[in-house]
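J.: Pasting a structure below so you can have a look.
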Amino acid sequence: MDANATTPLLPEVVEAMRPFWLEAFGNASSIHQQGQHARAAVDHAREAVARLLNCRAAEVVFTSGGTESDNLALFGLLAQGDHLITSSIEHHAVLHAAEALAERGIEVTFLPCTAQGTMEVAALQATLKSNTRLVSVMLANNETGAIQPVRDLADAAHAAGALFHTDAVQAAGKLPLDVKALGCDLLSLSGHKMYAPQGTGALYVKRGVRLRPMFFGGLHERGRRPGTENVAGIVGLGKSAELAREWLAGDAANGPGARSPEALARLRDRLEQGILAEVEQAGVNSGGAPRVANTSNLYFDHVEAEALVIALDLKGLAVSGGSACQSGATEPSHVLTAMGLSEARARASIRLSLTRLTTEDEVDRAVALVPAAVARLRELSPKHKQLLAVIS
Ligand code: PLP
């Protein structure tokens, strides 16, 4: 139950990719037949991603993943003297990029969030200035699943003459991603959060928005991202975009046992209610916010999340404490602390995130395992004893 860290490849995705490693392994820039075949596959995938986003194929730039897409959006647009507004609950791919830009003379504002982990339009409006070039706010938070009011934020940015970027990495394949309805100028995607391979991704760049490339080389991706295309990976991303559209429309199974978006939300609610019925001094972080259907962030007071993650892992249940990308860090989650959680409660929180293929049996197993592990760790309080007990 750690789908927000990464998802499995769907079998259809693997099957679509397979030929491009074996018999059809051309370089998409070669003019011979193998090259043209690879080029056609890349074009086909670009169209599939464009259909998912309701944009033109030429507006899709393939990248190596969410981190690169976020960096390309920010570094590609901002120059000294510009003002960037972003949120304090962004993924580190945006937060750390913003910090690096600040060191290069870009003025950066990090907006606070509400106690539910959502952004307020009024807070953005109060911060916009004549030199604000870009506003970057994620669509769904990776830790809590909270969905941000992107359309209203984008409208406010545009009214002040700024461009709007959204990191939609945790929304892709979970929510409809129509760039026109969202009103964004740039949007980041990552393949491995939507059943395509790790190391694949895309950035939507609205026609007319000029980006400086981060790398220098050939003229691939219309000069916006040089480097030989990862043809098999791009094909996988295209296939996963097709499957995401079908899944969101509710008209395809996406593999045996796949849940519809509504059924997945019901499964997540069953997970939360089942666990919370058995545990006191516990609750849902961002429980009052609109959330993507697969994500649940729970706190269990007087429990060390790291110890709980290890205890559950030993029982065969993979969950995450804070976000996986920062595991190993000793700091409590910046998202939960930005929401105003105490350090202790932030350190007592775990994230469970379901895939389209998660079954009722798996949920019921988690509903049995989590309360038992929490009860055992609470018996062992204080916290350092909990950690020692599970790792020794
Ligand atoms: N943005 C968000 C919201 C994420 O959750 C992640 C990964 O966890 C990323 C960006 C980075 O994406 P990638 O792992 O493809 O570099």
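J.: Of these, Ala50, Ala79, which one is of a type in the set (A, V, I, L, M) and either within 16 Å of the chain's Cα centre (by Cα) or within 16 Å of Ala172 (Cα to Cα) (or both)? Steps first, answer last, please.
T.: Working: Ala79 fails: either within 16 Å of the chain's Cα centre (by Cα) or within 16 Å of Ala172 (Cα to Cα) (or both).
Step by step, each of Ala50, Ala79 is checked, and only Ala50 is of a type in the set (A, V, I, L, M) and either within 16 Å of the chain's Cα centre (by Cα) or within 16 Å of Ala172 (Cα to Cα) (or both).
J.: Out of (1) in contact with a helix residue (DSSP H, G or I) (Cβ under 8 Å, 6 or more places away or on another chain); (2) at pLDDT below 95, the odd one out for Leu336 is which?
T.: (2) is the only condition that Leu336 fails.
J.: Within the range 308-325, identify whether any single residue is closer than 24 Å to Val169 by Cβ, in a strand (DSSP E or B) and within 16 Å of the ligand (Cβ to nearest atom), and answer yes or no.
T.: Yes, the range 308-325 contains at least one residue that is closer than 24 Å to Val169 by Cβ, in a strand (DSSP E or B) and within 16 Å of the ligand (Cβ to nearest atom).
J.: Which one of these is under 27 Å from Val135 (Cα atoms) and basic (Lys, Arg): Arg18, Arg51, Arg39?
T.: Details: Arg18 fails: under 27 Å from Val135 (Cα atoms); Arg39 fails: under 27 Å from Val135 (Cα atoms).
That would be Arg51, the only listed residue that is under 27 Å from Val135 (Cα atoms) and basic (Lys, Arg).
J.: Then there's this: Name every residue in the range 74-88 that is in a strand (DSSP E or B) and among the small types (Gly, Ala, Ser), in order of residue number.
T.: Answer for the range 74-88, where residues must be in a strand (DSSP E or B) and among the small types (Gly, Ala, Ser): just Ser87.
J.: State whether the residues of the range 66-87 include one that is in contact with a strand residue (DSSP E or B) (Cβ under 6 Å, 6 or more places away or on another chain), in contact (Cβ under 8 Å) with a residue 12 or more places away in the chain, within 16 Å of the ligand (Cβ to nearest atom) and at positive phi.
T.: The answer is no; no qualifying residue exists.
J.: Out of the residues in the range 373-384 that are at pLDDT 70 or above and assigned to a helix (DSSP H, G or I), which is surrounded by the fewest Cβ atoms within 10 Å (Cβ to Cβ)? Break it down into steps so the answer makes sense when it comes.
T.: Kept after step one, since they are at pLDDT 70 or above, are these residues of the range 373-384: 373-382.
Then keep just the ones that are assigned to a helix (DSSP H, G or I); that gives 373-379.
On the way: Ala373: 22, Val374: 26, Ala375: 14, Arg376: 16, Leu377: 24, Arg378: 16, Glu379: 10.
Filtering the range 373-384 for residues that are at pLDDT 70 or above and assigned to a helix (DSSP H, G or I), the one surrounded by the fewest Cβ atoms within 10 Å (Cβ to Cβ) comes out as Glu379.
J.: Do any residues in the range 17-43 that are part of a helix (DSSP H, G or I) have Cβ atoms under 7 Å from those of residues that are surrounded by 14 or more Cβ atoms within 10 Å (Cβ to Cβ) and among the β-branched types (Val, Ile, Thr), where the two are at least six apart or on different chains, and which pairs are they?
T.: Here the result reads Met17/Val235; Phe20/Val231; Phe20/Val235; Ala38/Val231; Ala41/Val231; Ala41/Val235; Val42/Val231; Val42/Ile234, each pair linking the range 17-43 to a residue that is surrounded by 14 or more Cβ atoms within 10 Å (Cβ to Cβ) and among the β-branched types (Val, Ile, Thr).
The values are calculated or read from the model by the stated rules, or taken from the named source; none is laboratory data. Since we're looking at a predicted model, the values are computed, not measured. Cβ coordinates were reconstructed from backbone atoms using ideal geometry, including for glycine residues, and neighbour counts include every protein chain displayed.
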